[in-house]
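First comes the structure, then the notes that go with it.
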């Protein structure tokens, strides 16, 4: 075979490889376009995972403070990002969750555009984590209210995904509806109030230290809310 033939043959091989690669790329793009739902599912799973990880990190931080001798009523969630969490019982930075001298955690703002139901944007604490001492989670600890972090007003689909990751049943592919009146507005500043409960009469949520539920009265039906127990009492 002369040089010209060899070079022509090599060029043909490269052309065929290029055609094959282009065809494979075109197929992959087409599959991605057709599989938009799967892409959305993956994104929602990542969002739910991020929410759960933040909740678990807060739980570890709060429990670590207890191990260090800080009483739960001294724990402060004070942060420059959100007003209303100054705790008079916290005598220094060591009892502040969001202080380098405390747990060292950073406050991570919820990604409102992706995580939250924009139709509820005028509601209290929309776009904020809520640190609460006014809800007793039925079946967790005693009947006393627990220290919680909550993310109110999440989307229905994200609420379902959170429960799926936690192994919480979504009856009929709908988040479980809380039969009580959860408090998603009162901010924890060192005191507890046994005013509301989560999970009473709801087998899917009762006894769970984390989950997502639909409101029934307060908050309203058709709205969805995540909670994570930080300290059970």
Restricting to Cα atoms and excluding each atom paired with itself, what does the Kirkwood estimate give for region 38-231 in Å? 16.7 Å
Could you check the simple spin-label distance between residue 221 and residue 194, using points 7 Å along Cα→Cβ, in nm with one decimal? 3.0 nm
In this structure, the FRET efficiency calculated for residue 109 and residue 40 from their beta-carbon separation, with R0 = 35 Å, to the nearest 0.05, is 0.95
FRET efficiency (residue 80, residue 101; Cβ distance; R0 22 Å; to 0.05) is 0.90
At 0.36 nm per residue, and after removing the present C-alpha to C-alpha distance, how many nm does the segment from residue 144 to residue 119 gain when stretched out fully? 5.7 nm
Final fewest-first order of 150, 105 on the 10 Å Cβ neighbour count is 105, 150
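Just so you know, all these numbers are worked out from the coordinates, no wet-lab data involved. These numbers come from a predicted model, not from an experiment. Reconstructed Cβ throughout: ideal geometry from the backbone, glycine too, with neighbour counts over all protein chains shown.
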